[in-house]
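J.: Here it is, the structure, as structure tokens.
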Amino acid sequence: MRKGIVTLLMAGIMCMSTASMAFAAPISVKVDGTQVEMSVQPIEENGTAFVAVSDMSDQLGAKFSWDATKKQATMQSVSDTVVFTSGSKQFYVNGQNKTLETAAKMSGDNLLVPVSAFAEAIGAKVNYDPETNTATVDYFSTMSGSVKVSGSTTVQPIAQAAADKLLAMNKGLTIAIAGGGSGAGIKDSISGANNVGMSSRALVADEASQLNQFIVANDGIAIIVNPANPVKNLTKDQAAKIFSGEIKNWKDVGGNNAPIFVQTRETGSGTLATLEEMLLNKGKVVSTATPYTSSALIKQGVAKNVNAIGFDSIGFVDSTVKAVSIDGIMPNDTTVKDGTYAMSRNLLVVTKGEATDASAKFVDYLLSLDCQENIVEEEGYISYK
């Protein structure tokens, strides 16, 4: 997200010349108490901190776009859209006209804006200590209120880990995370029973017309077997015939002479819906398959039966089961991102209308660099960035 767009820098209240900035002292940046590494070196000039907002956007989960014709930069978080224009003191927060202390201006490929505008735009607390050369930004550590999240058990580990981290930072915050499947989470969002829904499948047109959706991770649906099963690869056609019930014995796909026991997810599961669309061409998994109500449980079912086969998010694949390749392609970071793996998908969270307050910041955190690198990837999923 920070590549291929204009780098935005936030400057202090005093307007500095671009020539003097080249000789400014380097500074460190802390976000919510943790020192972060910036791709653009922050600097200090006469007691004022300059920090790349492109870096800060990644840290805070915001998106940026640049309109070269209008010379306008747009910073968009879950709840706020902020537009700066080169050479103008005017900027806009959710369509409302605001005034900068000094005009935004270009320096090479960089658009400079005052720190006061940055803080106001995202609702963060920004401070600079000239004695320690440290700029601090408090955003996710200023949360309060309550957030209710429900839906996909595939997305649930990401949401739970994010909630645990935010709760550790904020005493006045409550976040409740529940599973139930993608269908349940989407229905809860539409009815207002939750603040944030989780889905491991794409929204249908009627759902999309009622909800805002945010991609929080990339994922692949792995075909899993017991580690003792000698089968390592299936063609897409073989996999489809196994799950539809046409192939019933492992010997027909190069395995032992033994019956195949198909394991599946419950009706309403986003993972099931995606498999039926991508693998079975919108057909149905064989009716004799054993259903499970969560990603963890289907994995356990396959782990317990040497002749079982199932499917699960790659985030749940561990040493207790074995992922088989499809047409010689294993599900991994590269094959999921480039789409060469047969069952690649996006993991989503959804809200009804514009999220506000703690709910907006919760979604922002899911989109932040910290969550993407230290939660999404640590949980075995693939960062959407």
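The values are calculated or read from the model by the stated rules, or taken from the named source; none is laboratory data. Small disclaimer: the values here were computed from a predicted structure and weren't measured. Cβ atoms come from the backbone with ideal geometry, glycine included; neighbour counts cover every protein chain shown. Accessible surface is based on the protein model in full, side chains and every heavy atom, while ligands, DNA and RNA are left aside. Shrake-Rupley method; radii C 1.70, N 1.55, O 1.52, S 1.80 Å.
J.: Pulled fully out, how much extra length does the chain show between LYS63 and GLU379, if you take 0.36 nm times their separation in residues and subtract their Cα-Cα distance?
T.: On the way: separation 316, 0.36 × 316 = 113.76 nm, distance 2.34 nm.
Full-extension gain reported as 111.4 nm.
J.: Find the centroid of the Cα atoms in segment 326-369 and in segment 230-266, then give the distance between the two in whole Å.
T.: If you average the Cα positions of each part, the centres end up 29 Å apart.
J.: When DSSP beta bridges are limited to those with both residues in the chain, what percentage is antiparallel, rounded to the nearest 5? Don't skip to the end; give the middle numbers.
T.: Numbers: 57 of 83 bridges.
Antiparallel: roughly 70 percent of the beta bridges in the chain.
J.: Based on the mean of other Cβ atoms within 10 Å per residue, sort peptides 335-346, 176-187, 161-172 so the most packed one is first. Write down the numbers at each step before the final one.
T.: Numbers: 335-346: 17.2, 176-187: 22.8, 161-172: 15.7.
Most protected by this proxy first, the peptides run 176-187, 335-346, 161-172.
J.: Report the trypsin sites (Lys or Arg not before Pro) located in segment 218-313 that are in a DSSP loop and have at most 12 other Cβ atoms inside 10 Å of their Cβ, or state none. Please list the in-between numbers first.
T.: On the way: sites: LYS232, LYS236, LYS241, LYS248, LYS251, ARG265, LYS282, LYS284, LYS299, LYS304; in loops: LYS232, LYS248, LYS282, LYS284, LYS304.
Passing sites in segment 218-313 are LYS282, LYS304.
J.: With equal scatterers on the alpha carbons only and no solvent term, can you work out the Debye log10 of I(q)/I(0) for segment 215-331 at 0.18, 0.19, 0.21 1/Å?
T.: -0.85, -0.96, -1.22
J.: What's the magnitude of the charge dipole for the chain around its Cα centre, counting Lys and Arg as +1 and Asp and Glu as -1 at the beta-carbon? Answer in Debye, nearest 20. The partial results should precede the final answer.
T.: Numbers: 31 positive and 38 negative charges, 202 e Å.
Value, rounded to 20: 960 debye.
J.: To continue, here is another question. Cα-Cα over 27 Å: which of LYS70/LYS125; LYS248/LYS304; LYS63/LYS125?
T.: Values: LYS70/LYS125 30 Å; LYS248/LYS304 19 Å; LYS63/LYS125 19 Å.
Exceeds cut-off: LYS70/LYS125.
J.: To continue, here is another question. Round to the nearest 0.05 the FRET efficiency obtained for ASN97 and ALA119 when R0 = 22 Å and r is the Cβ-Cβ distance.
T.: 0.80
J.: Then there's this: In nanometres, what is the gap between the two model label sites at LYS284 and ASP109, each 7 Å from Cα along Cα-to-Cβ?
T.: It works out to 5.4 nm between the two label points.
J.: Taking every DSSP beta bridge with both residues inside segment 96-211, roughly what % is antiparallel (nearest 5)? Spell out each step's value before the answer.
T.: On the way: 8 of 18 bridges.
Once the DSSP bridges in segment 96-211 are tallied, antiparallel ones form about 45 percent.
J.: Further question on the same structure: What's the FRET efficiency of ASN332 with LEU167 using the Cβ-Cβ distance as r and R₀ = 30 Å, to the nearest 0.05?
T.: Numbers: r = 32 Å, r/R0 = 1.06.
Once rounded, the FRET efficiency stands at 0.40.
J.: Now for a separate question. Take the chain, connect every pair of alpha-carbon atoms lying under 10 Å apart with a spring to form a Gaussian network, then pick out the residue of ASN133, ASN212, ASN257 with the largest mean-square fluctuation.
T.: Checking each option, the largest mean-square fluctuation is seen for ASN257.
J.: Here's something else I'd like to know. Sort 199-207, 272-280 by the packing proxy (mean of other Cβ within 10 Å over each peptide's residues), most packed first.
T.: The packing order, highest mean first, is 272-280, 199-207.
J.: Express the carbon and sulfur contribution to the solvent-accessible surface of the chain as a percent, rounded to the nearest whole number, probe 1.4 angstrom.
T.: Details: 8030 of 16550 Å².
Looking at the chain in its full context, I get 49 percent from C and S.
J.: What accessible area per residue comes out for segment 217-374, rounded to a whole number of Å², with a 1.4 Å probe?
T.: Numbers: 6450 Å² over 158 residues.
Each residue of segment 217-374 exposes 41 Å² on average to a 1.4 Å probe.
J.: Would you work out the charge dipole size for segment 100-199 about its Cα centre, treating the Cβ of every Lys and Arg as +1 and the Cβ of every Asp and Glu as -1, and quote it to the nearest 20 debye? Provide the component values of the computation, followed by the final result.
T.: Numbers: 6 positive and 8 negative charges, 92 e Å.
Dipole size: approximately 440 debye.
J.: Let me ask you something else. Starting from the Cα-Cα distance between ASN133 and THR81, subtract it from 0.36 nm times their residue separation and give me the gain in nm to one decimal.
T.: Details: separation 52, 0.36 × 52 = 18.72 nm, distance 3.01 nm.
Gain on extension, ASN133 to THR81, equals 15.7 nm.
J.: Continuing with the same structure: Suppose each label sits 7 Å from its Cα in the direction of the beta carbon; what would the GLU354-LYS232 distance come out to in nanometres?
T.: 5.5 nm
J.: Something else about it: Need one number: convex hull volume per residue for the chain, Cα atoms only, in Å³. Show your work: numbers first, answer last.
T.: Details: hull volume 57.4 nm³, N = 385.
It comes to 149 Å³ per residue, whole-number rounded.
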